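The values are calculated or read from the model by the stated rules, or taken from the named source; none is laboratory data. The model shown is predicted, which means the values in this text are computed figures rather than measured ones. Neighbour counts run over all protein chains shown; Cβ positions are idealised from the backbone, glycine included. All accessible areas refer to the heavy atoms of the entire protein, side chains included, with ligands and DNA or RNA removed. Shrake-Rupley method; radii C 1.70, N 1.55, O 1.52, S 1.80 Å.
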Amino acid sequence: MEKDINLKIFKGNLIFTKTSDKFTIMKDSYIVVIDGKIASVSSNLPDKYKGNPIIDFRNNIIIPGMNDLHAHASQYKNLGIGMDKELLPWLNNYTFPEEAKFLNVDYAKKTYGRLIKDLIKNGTTRVALFATLHKDSTIELFNMLIKSGIGAYVGKVNMDYNCPDYLTENYITSLNDTEEIILKYKDKSNIVKPIITPRFVPSCSNELMDGLGKLSYKYRLPVQSHLSENLDEIAVVKSLHKKSNFYGEVYDKFGLFGNTPTLMAHCIHSSKEEINLIKRNNVTIVHCPTSNFNLGSGMMPVRKYLNLGINVVLGSDISAGHTCSLFKVIAYAIQNSKIKWQESGKKDMFLSTSEAFYMATKKGGSFFGKVGSFEEGYDFDALVINDSNLYPEDYDLTERLERFIYLGDDRNIMKRYVCGNEIFGPKF
Ligand SMILES: [Zn+2]
């Protein structure tokens, strides 16, 4: 008797990016998914799968899910406020007071529930999240994400230095709590995993960073943090670490800069030496253009990094970024690159739509495994886009996707899948 396999066949207009330079467009085509993974992508259904039921999305568009590589779950309630400040006063006036509330687990549950709903609504299927320093609230975030069905890296934030009294921890407690969470969640879910999360150099003691580097090595866990976002921030790092030549070197000294897969958000003002180390250590830069515009941090030189072969992915960076929608982040990334293009005398070419889409799908997804494309062996993470309110009959498929990115919103997303499972949104 044949093995009982979990087989699903999807049909529709497929759009994805195998490479960043162009869209792969497959009209009226089929994706066969077995046990959550893509077994076949083709214009005609292979004979061996014929006779199985087909989920036919007709004229709608099927694209990979969105991968958000930098977001602060605990800042969800601050979306759309505090935009009249730069990074450091913004942290002190808005962010730290809000994060302190996560000592209360009920408050955390309420806020995290709203966040997860919003992520799912906007088509985010995988996300790298900062929680807060609080262990119990971070555990709730893990549990809620596992229940939700989307994939995530979740970091208990570590901060023990240079922080307000009401939001700081002792480095020993910080490391113990982090290790407890790692042990509890490293094997609990295939798609929700822990990530080492020093907040940023200014708020971490040397002892804490040293311990975190050791934990990341011991458990082979990825790392996420911030780097060279703002000039005042860089000046603080310089004053605290006089022997280091540049900001990124501090993380590197403690084994937090590419020993394991590493995400560094922003990198707007990185020096030549820092860029060289990013490249040499294969660190991934998370470009967060909405955040950079809102806090006036600067324009990330995306083309320069791509030309050097550096990995660049996208992040919403809520709540410095004002939206969970990675589609909006794609549009902002392109607009940001057009300003840099002008500034460079049109030398640094702006991002094409396919390049920015690739960052949000296949490139961003690669941090989570074989995620973000419609190729054999990839997890089937997908969104079904119904653009019937955007006059699809007047446009080709690439134009329809472009119009959805710029004009559409969550109401156009009719289905969401992660590892072949439909995600309906949690009931918290
Ligand atoms: Zn951030």
note = Listed by chain and number, the lysines with an alpha carbon less than 23 angstrom from that of Lys272, same-chain partners under 8 positions apart left out, are Lys238, Lys242, Lys243, Lys253, Lys304, Lys338, Lys340, Lys346, Lys347
message = Under a Cβ-only charge scheme (Lys and Arg +1, Asp and Glu -1), can you give me the dipole magnitude of region 66-365 about the Cα centre, in debye to the nearest 20?
response = 1020 debye
request  = Mind pulling the angle between the C-alpha long axis of helix 231-240 and the longest principal axis of the chain? Nearest 10 degrees, somewhere in 0 to 90.
outcome  = 50 degrees
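Would you work out the relative contact order for region 66-365, in percent, from Cα pairs under 8 angstrom that are 6 or more residues apart? Intermediate values should be presented prior to the final figure.
On the way: 602 pairs, mean separation 57.0, N = 300.
It rounds to 19 percent for region 66-365.
How do 14-20, 66-72 rank on mean C-beta neighbours within 10 Å, highest first?
Numbers: 14-20: 20.3, 66-72: 29.1.
Packing proxy ranking, top to bottom: 66-72, 14-20.
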Accessible area (Å², 1.4 Å probe, nearest 10) - Glu375 = 40 Å²
request  = Report, in degrees rounded to the nearest 10, the 0 to 90 angle that the Cα long axis of helix 135-148 makes with the longest principal axis of the chain.
outcome  = 10 degrees
message = I'd like the accessible area for Lys214, computed on protein heavy atoms only with a 1.4 Å probe and all protein chains in place. Round to 10 Å², please.
response = 120 Å²
Student exercise, region 247-346 dipole from Lys, Arg, Asp, Glu Cβ charges, in Debye to nearest 20 = 360 debye
remark   = From DSSP H assignment alone, runs of 4+ in the chain each adding -39500 (n - 2.57), the sum over residues rounded to the nearest 500 puts [θ] at 222 nm at -9500 deg cm²/dmol
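Taking a probe of 1.4 Å, how large is the accessible area per residue of the chain, in Å²?
Numbers: 17330 Å² over 428 residues.
With all protein chains present, the chain gives 40 Å² per residue.
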ask   = If you roll a 1.4 Å probe over region 120-197 with all protein chains in place, what percent of the accessible area is carbon or sulfur?
value = 45 percent
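What order do you get for 161-169, 333-341 when each peptide is scored by the mean count of other beta carbon atoms within 10 Å, highest first? Walk me through the numbers before you get to the answer.
On the way: 161-169: 15.7, 333-341: 19.3.
Descending packing order for the listed peptides: 333-341, 161-169.
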task = With everything on Cα atoms, drop me the angle between helix 105-121 and the longest principal axis of the chain, reported from 0 to 90° to the nearest 10.
result = 40 degrees
task = Find the centroid of the Cα atoms in region 1-72 and in region 204-242, then give the distance between the two in whole Å.
result = 40 Å
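Cα gyration tensor of the chain, axes a ≥ b ≥ c as square roots of the eigenvalues: rounded (a/c below 1.5), prolate (a/b > b/c) or oblate? Intermediate results must be reported in sequence, preceding the final value.
Numbers: a/c = 1.80, a/b = 1.43, b/c = 1.26.
Verdict is prolate for the chain.
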